[in-house]
Amino acid sequence: MSTDLYYKHVGKFDLLTRQQEYDLAAKAKDGCIKSKHLMVEHNLRLAIHIAKKYSKTKCSMEELIAEANVGLCKAVDKFDHTKGFRFSTYATWWIKQAILRYISRSTTVKFASGARNKIYKINIARKNYYEEFSCYPEDTELAGLLDMDIRELSELRCANQWPINLDQPINSEAGRTYGDLIADENTPDQSERLDHEQIIDSIKARLADLKPLEERVMRLRFGITQDAFDTTKFPKSRSQQ
Amino acid sequence: MANKKKHANGYATFEDGLGFREIADVLHESGETPRKMRHTSIRNYFLRGMEKLAEPIAKESGRTVREVARDPRFQIALAEILRVDKDDKTDIDL
């Protein structure tokens, strides 16, 4: 079903009056499945209304509505009509909780819900600060404003950076990706390589200074000959020449 | 009580390489030495050769020639250089 069709379908259900809601909730509490279904159906518009508030996240509207409906079902199961509140008041929190949990699950970097709330507060505080002073606050300043530990705040801000796909091309440079910009730490730089080569050359030059027996001993010690006992197979050392 | 300690970086071992006593046997059997040498003499020949080759590294690193020559990491690297040289390869990864 497309989203438009779903909206049309949901629009058919009118809002429940306080009395209707009370009666259905009472029956649902006694285990009446039909009453539960009716309560859900008549509050689908509420789920959509709340899901729309999170439409700016990376999640699609269909996914948000589906999660909101999960929260709505949970609210119907747990609603206590005897307390005298309207169902929508109670369900709103369950729907928000379901959506927020889904959003936190669907991001690349996973956060505990507490950490996510703190990040939300940090972002709001930074935004407010920028609107007031036209510049972003330092971490120390922000920690003071939010009464948070500076280390925790810095870690949360680092973790909150949006991940970049390494294979994504860089806009300004055709054919290059972000991955190309990362240095390979295993490759020695050219000057280091040249130094290595110079040292190796100088060591090789010193090979001529070795006495024949020294050279022979080193060859045997290093196992440069494949069969040390059969000397005829190997290049003759100078001691044999 | 032994007065020698294991080297800080362990001992160098070489694939297909021989011990000093085995080298003494090989040299004697092949007639390269008139009589069988002691393994300590073979070690001295080996270290003397290593000291000659260690000079460029010692200059670079600021360590003594003696230290570098006895360093198992240097010995292993040198064995690799000589082996690659023998196999006529140009890529050397120290």
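A short reminder: the numbers here are calculations on the coordinates, not readings from a lab. None of these values were measured; they are calculated from a predicted model. Please note: Cβ atoms are built from the backbone with ideal geometry, for glycine as well, and neighbour counts cover all protein chains shown.
Brief remarks on what is shown
- The GNM of chain A, with springs linking C-alpha atoms under 10 angstrom apart, assigns the highest mean-square fluctuation among A:Arg116, A:Arg126, A:Arg216 to A:Arg216.
- Legend: mean number of C-beta atoms from other chains within 10 angstrom of residue C-beta atoms, peptide B:29-36, equals 3.
- Sorted by Cβ neighbour density within 10 Å, fewest at the top, the residues A:Lys12, A:Lys29, A:Lys127: A:Lys12, A:Lys127, A:Lys29
- 0 to 90° range, to nearest 10: angle between helix A:87-106 axis and chain A longest Cα axis: 10
- Spacing of the two label points (7 Å from each Cα toward its C-beta) at B:Tyr11 and A:Asp180, in nm: 5.2
- Estimated vicinal HN-Hα couplings, Hz - region A:51-62 in sequence order (Karplus 6.51, -1.76, 1.60; Gly, Pro = x): 4, 4, 5, 9, 5, 7, 6, 6, 7, 6, 4, 4
- The modelled label-to-label distance between A:Thr187 and A:Ser55, using points 7 Å beyond Cα along the C-beta direction, is 4.8 nm.
- Peptide B:43-50 has a mean of 6 when you count, residue by residue, the C-beta atoms of other protein chains within 10 Å of its C-beta.
- Between A:Glu152, A:Glu62, A:Glu185, the residue with the greatest mean-square fluctuation in the GNM of chain A (Cα pairs under 10 Å linked by springs) is A:Glu185.
- Translational diffusion of region A:3-106, µm² s⁻¹ [Kirkwood Rh, Cα pairs; Stokes-Einstein; 37 °C; 0.692 mPa s]: 236
- Least to most buried among A:Glu132, B:Glu55 (fewest other Cβ within 10 Å first): A:Glu132, B:Glu55
- Taken residue by residue and averaged, Cβ atoms of other chains lying within 10 Å of the Cβ of A:204-215 number 5.
- Calculated [θ] (222 nm, deg cm²/dmol) that DSSP helices of n ≥ 4 give over chain A, each run adding -39,500 (n - 2.57): -19000 deg cm²/dmol
- Taking other C-beta atoms within 10 Å as the exposure proxy, A:Phe222, B:Phe14, B:Phe46, A:Phe133 rank A:Phe133, B:Phe14, B:Phe46, A:Phe222 from fewest upward.
- Using a cut-off of 28 Å between Cα atoms, the listed pairs A:Lys29/A:Lys118; A:Lys58/A:Lys96; A:Lys34/A:Lys83; A:Lys8/A:Lys96; A:Lys96/A:Lys118; A:Lys78/A:Lys127 include A:Lys29/A:Lys118; A:Lys78/A:Lys127 as exceeding that distance.
- Amide H partners (placed H, <5 Å) of A:Thr177, local residues excluded: A:Ile170
- Shape call, chain A: gyration tensor on alpha carbons, a/c limit 1.5: prolate
- Listed residues A:Arg151, A:Arg219, A:Arg101, most fluctuating in chain A (Gaussian network, C-alpha, under 10 Å): A:Arg219
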